[in-house]
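Shown next, in structure tokens, is the structure this report addresses.
Any read-out appearing in this document is the output of simple, stated calculations on the displayed coordinates, not a laboratory observation. Every value quoted in this text rests on a predicted model; they were computed, and no experiment measured them.
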Amino acid sequence: MAGAKTWLVMGAFVGAMAVAFGAFGAHSLPQFFEAMEFTLSEREKGLRNWETAAQYQMYHAIALIALGLYASKFPGLLPTLAGYSFFFGQLIFSGLLYALVLSKVTILGAIVPIGGTLMIVGWVLFGIAAWRNTEVATTQPLSSKPEVPPKEELAPSEATA
């Protein structure tokens, strides 16, 4: 079963790919459109779709890293299912949007929502995992002061310090 390390590594690689695809979209995609004689409308829509794909890919790279950190302390089935949903969701959603932009094969647009649905499922599963985890629910908020035992409970050397 995939664990914390898997999600951390996948998140890092998905993030790297999002940066690479984003850079390609910003610097090379306009020349690709020109070489392939895309219309102005196709170029505008293609750039929007490419940016959306790169953004959602990066969001889910961060989600995978957050999930990896969570799973390092609280492993289980729900975090594992959330990780698979995030990974395959971004792969289908972003990957098919990239392919749609480059190929103009419009049928790919009909499959893209499956990836979006998987990403939503991943968030829901992650949320349920955290909700059901009583240790997460009962921990002190970061802003609260740590509990200090009364002086009589401290060892003699600590009480005089």
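Points to keep in mind about this one:
- Bins of 10 Å, starting at 0 and running to the largest distance - Cα pair percent for the stretch 4-133: 14, 40, 27, 14, 5, 0
- The stretch 34-110 - convex hull of the alpha-carbon atoms, volume per residue in Å³: 77 Å³
- Fully extended contour minus Cα-Cα distance, from Ile114 to Ala66, at 0.36 nm per residue: 15.0 nm
- Percent RCO, i.e. relative contact order, over the stretch 4-133, from Cα pairs under 8 Å lying at least 6 residues apart: 29 percent
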